[in-house]
2 protein chains.
Amino acid sequence: MNIADYMQSLGQQARDASRLMARASSQVKNAALLATAEALDAARERLLAANAEDMKAGAARQLDAALLDRLELTPARIDAMIEGLRQVAALPDPVGEITDMKYRPSGIQIGRMRVPLGVIGIIYESRPNVTVEAASLCLKSGNAAILRGGSEAIHSNQAIAACLMQGLRAAGLPQAAVQVVETTDREAVGHLITLSEYVDVLVPRGGKGLIERIANDARIPVIKHLDGVCHVYVDQDAAHDKSMAIAINAKTHRYGTCNTMETLLVHESQAASLLPPLAQAYQDKGVELRGCARARLLVPSMLAAIESDWSTEYLAPILAVKVVDSLDDAINHINQYGSHHTDAIVTENYTRARRFLTEVDSSSVMVNASTRFADGFEYGLGAEIGISTDKIHARGPVGLEGLTSQKYVVLGDGHIRE
Amino acid sequence: MNIADYMQSLGQQARDASRLMARASSQVKNAALLATAEALDAARERLLAANAEDMKAGAARQLDAALLDRLELTPARIDAMIEGLRQVAALPDPVGEITDMKYRPSGIQIGRMRVPLGVIGIIYESRPNVTVEAASLCLKSGNAAILRGGSEAIHSNQAIAACLMQGLRAAGLPQAAVQVVETTDREAVGHLITLSEYVDVLVPRGGKGLIERIANDARIPVIKHLDGVCHVYVDQDAAHDKSMAIAINAKTHRYGTCNTMETLLVHESQAASLLPPLAQAYQDKGVELRGCARARLLVPSMLAAIESDWSTEYLAPILAVKVVDSLDDAINHINQYGSHHTDAIVTENYTRARRFLTEVDSSSVMVNASTRFADGFEYGLGAEIGISTDKIHARGPVGLEGLTSQKYVVLGDGHIRE
């Protein structure tokens, strides 16, 4: 079978399976998740052996250390996959929830029912645990999934797929509910992202390059995550201790995550008291500072920030620092240079807190909290398939609800339109 | 200025205006709507004169009668535009609503705030009243709009735009909040649908050809409406009177609307008692019937349906009729041949009603009600910018809420992530 026909057949089978998944009960879906967890537990040796093949091939292809680290399965990572499945099984099922049921003057009763999207295409890179994470969220939300992992993880992903098949079979669900693309042919992605008849939405996970390429070429809606250029703004009425704690946590808790602060904005009245001790704290942690002229007057050891620093997602121990004159300046800076991901104000002032929440156009806006909280688990979604920087459909952390839609339900008693 | 630069400048101005619109209060937005209504009322003669120019040019270009009818502005249609503005002003403002605010174990408090999408591009055909309808919904929901109407309506649209400008000015809102594209150059659409930096979502309104072309070429999410191949299924436990009333209303209340029934499915146990009197009723109204072999045994005057009839949106006094053996057959037929728009079951049976609602994959599913109810006004949305046949973002009738998104709001007291 050529690659176009193969992808077409995956799509067709996924569409058929999605009809059965949409009506599967919570119990049956949870049974499949728990049976998959057991299958993974029983297949530890096979998983490690398959992963060793990938690691060996990766080393031979001289993949870099960071990529090999993401590729590796360890007993602890298998534990985490198993635990993740159990957590998803324990989440409430969003499917079938009916809300806003009310009577209209015509006499009909109308509400909305939450329903699966249908078929979800997931395209991701080296981490094989994404196979389980993504499959479990799609399954729990009543969708069928087509998973296309990185070619370097093909053996690991196939071994994980076998466990997913066991789980689906044990619960009496169609095996085509989760399909892992079996070819490493790069053309497979090109076909997957144009199967608009069979695939309802795409979720690419990986580097910005991958995601931009897919968003550009797709003929299907994409839930995507691009940059995370997050800000903390320290207002003139900020409490010193909260400013210190939040600025340090938002930057240094983890450097490589999308919700890490990349630019610190400080009101000019706070700069003299805040920047010197903060610079010391950052220096202790090895964070490089790149400041505007006013910031550098207070902390001469800062490098000079250039224009591109204000829009860079460093994903590294580097922080841009700017002194601003007002809340308006801070909001304008964030809306202009930021990536509409997550931005926080530190303030005790009621009116400015309220204005910041309303006027900053980001998927998460915060008062007196670290940007690092922007996360599906922290927000109580239970798990996340990604963080959307789009405004359409899902914005911010995307959990089970983001993999569903709502249809209108109308109940009558022979009602006709006059 | 060339057309690319012109569209780029509209986009840039719309983006700037959208920031001001997002923070405009309900009172100010309503003032703009009501001032526009007054401006239209005061400009009746200018509107009719501008429209007469379009009508004259249209007649010279030999546009067909249906198109000329849609193009025409009459005093009654101006009344309707004015009334529409007042109705939108009276609707609740969705922007700023905060829901689901709750504490998390970490101590942060989290909820969601409804916010405008930003900039909405509307592309439509001959009806000039869409200019007011679309602008009013975008304005009320805090968005900026770029409107591209049909070239045949250019003078009417410009005259309406002048009233909108007056309304915005009177309320102190930026005039770029509503921009009507001033050129009839066809290339303008091509530029508009790729302005991804400035336009957040497109809403094409018009024939299927226009919508498919835009959906294919756009580089921006599209809220779109394609076919309305709607069904009524008469179950074995249907009440005869309700079946008759709903089948007649769903087909004959209006022929040209997307929520009109195009295929009637009848359980075999109901066919003998229902089809002959129903055929008589349809015949009295001039509806042509195209039936399956079993339906034609009962009503020999029916034409024979061919395969393509099951997936055709007639938008005309024509109805396809099929006798089916079970609820499963009906659901499978609807999911296979329908357009996932609106489908109804007539039944007194609880379990089959519940299964129909769950298993039919359409934006509106109904029990004992006419498909003609699928409409923003009937559903209580107040007004609609269209009916979405997509699953992503908005499904079914799209009102003000469909022109908004939600952002996460996080409140803390110096909270950091451990």
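The values are calculated or read from the model by the stated rules, or taken from the named source; none is laboratory data. All of these numbers come straight from a predicted model, not from anything done at the bench. Note that each Cβ is placed from the backbone with ideal geometry, even for glycine, and that neighbours are counted across all protein chains shown. Surface areas here come from the heavy atoms of the whole protein model, side chains and all, with no ligands, DNA or RNA. Shrake-Rupley method; radii C 1.70, N 1.55, O 1.52, S 1.80 Å.
Below are the figures for this structure:
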item: Whichever residue in region A:350-374 is basic (K, R) and without any contact (Cβ under 8 Å) to a residue 40 or more places away in the chain and, among such residues, is farthest from the other protein chains (Cβ to nearest Cβ); result: A:R354
item: Filtered residue count, region A:50-70, keeping only those that are small (G, A, S) and surrounded by fewer than 13 Cβ atoms within 10 Å (Cβ to Cβ); result: 4
item: Residue match in region B:231-241 (condition: at negative phi, of a type in the set (S, T, Y) and surrounded by 23 or more Cβ atoms within 10 Å (Cβ to Cβ)); result: yes
item: Per-region count, region B:375-401, residues within 21 Å of A:Y103 (Cα to Cα), more than 7 Å from chain A (Cβ to nearest Cβ) and in contact with a strand residue (DSSP E or B) (Cβ under 9 Å, 6 or more places away or on another chain); result: 9
item: In region A:210-221, residue nearest to the other protein chains (Cβ to nearest Cβ) [restricted to those that are among the aliphatic types (A, V, I, L, M) and without any contact (Cβ under 8 Å) to a residue 40 or more places away in the chain]; result: A:A215
item: Number of the condition not met by A:A295 [criteria: (1) part of a loop (DSSP other than H, G, I, E, B); (2) open to solvent by less than 10 Å² (accessible area, probe 1.4 Å); (3) of a type in the set (G, A, S)]; result: (1)
item: Subset of region A:361-389 (residues that are surrounded by fewer than 23 Cβ atoms within 10 Å (Cβ to Cβ), under 10 Å from the mean Cα position of the chain (by Cα) and not polar (S, T, N, Q)); result: A:D375, A:G376, A:A383, A:E384
item: Condition broken by A:S26, with the remaining ones in (1) closer than 13 Å to A:R169 by Cα; (2) touching a Lys or Arg at 6+ places or on another chain (Cβ under 9 Å) satisfied; result: (1)
item: Hits in region A:298-312 - residues which are open to solvent by 80 Å² or more (accessible area, probe 1.4 Å) and among the small types (G, A, S); result: A:S301
item: Where A:N349 falls short, out of the listed (1) at pLDDT below 95; (2) surrounded by fewer than 20 Cβ atoms within 10 Å (Cβ to Cβ); result: (1)
item: Qualifying position, being β-branched (V, I, T) and in contact with a Ser or Thr (Cβ under 9 Å, 6 or more places away or on another chain), among B:I120, B:I98, B:I146; result: B:I120
item: Output for region B:391-407, where each listed residue is assigned to a loop (DSSP other than H, G, I, E, B) and open to solvent by 30 Å² or more (accessible area, probe 1.4 Å); result: B:K391, B:H393
item: Filter pass, A:A250 being over 20 Å from A:S301 (Cα atoms), part of a helix (DSSP H, G or I) and not polar (S, T, N, Q); result: yes
item: Sole residue being among the aliphatic types (A, V, I, L, M) and either assigned to a helix (DSSP H, G or I) or in contact with a Cys (Cβ under 8 Å, 6 or more places away or on another chain) (or both), chosen from A:L40, A:L63; result: A:L40
item: Residue selected from region B:79-124 under the condition over 27 Å from B:L10 (Cα atoms) and among the acidic types (D, E), by the criterion surrounded by the most Cβ atoms within 10 Å (Cβ to Cβ); result: B:E97
item: When residues of region B:182-205 are limited to those that are touching a Phe, Trp or Tyr at 6+ places or on another chain (Cβ under 9 Å) and crowded, with 24+ Cβ neighbours inside 10 Å, the one nearest to B:G402 (Cα to Cα); result: B:V203
item: Selected residue [closer than 24 Å to A:G402 by Cβ and either touching a helix residue (DSSP H, G or I) at 6+ places or on another chain (Cβ under 9 Å) or free of Cβ contacts under 8 Å to residues at least 12 places away in the same chain (or both)] from A:L91, A:L71; result: A:L91
item: Verdict on B:L319 being more than 14 Å from chain A (Cβ to nearest Cβ), open to solvent by 50 Å² or more (accessible area, probe 1.4 Å) and not basic (K, R); result: no
item: Matching residues in region B:237-274 - criterion: being among the polar types (S, T, N, Q) and without any contact (Cβ under 8 Å) to a residue 40 or more places away in the chain; result: B:S269, B:Q270, B:S273
item: B:L264 being open to solvent by less than 10 Å² (accessible area, probe 1.4 Å) and among the hydrophobic types (A, V, I, L, M, F, W, C); result: yes
item: Unique match (being at pLDDT 95 or above, open to solvent by less than 20 Å² (accessible area, probe 1.4 Å), under 25 Å from the mean Cα position of the chain (by Cα) and more than 30 Å from B:S362 (Cβ to Cβ)) among A:L73, A:L47; result: A:L73
item: Search result, residues across region A:15-30 that are in a helix (DSSP H, G or I) and either under 21 Å from B:D361 (Cβ atoms) or touching a helix residue (DSSP H, G or I) at 6+ places or on another chain (Cβ under 7 Å) (or both); result: A:R15, A:D16, A:A17, A:S18, A:R19, A:L20, A:M21, A:A22, A:S26, A:V28, A:K29, A:N30
item: Of all residues making up region B:99-129, the number that are in contact with a helix residue (DSSP H, G or I) (Cβ under 9 Å, 6 or more places away or on another chain) and outside any helix (DSSP H, G or I); result: 20
item: Top-ranked residue in region A:1-35 [being touching a residue at least 40 places away in the same chain (Cβ under 8 Å), within 14 Å of another protein chain (Cβ to nearest Cβ) and polar (S, T, N, Q); ranked as surrounded by the most Cβ atoms within 10 Å (Cβ to Cβ)]; result: A:S18
item: Failed condition for A:D343, given (1) closer than 30 Å to A:V132 by Cα; (2) open to solvent by less than 20 Å² (accessible area, probe 1.4 Å); (3) acidic (D, E); result: (1)
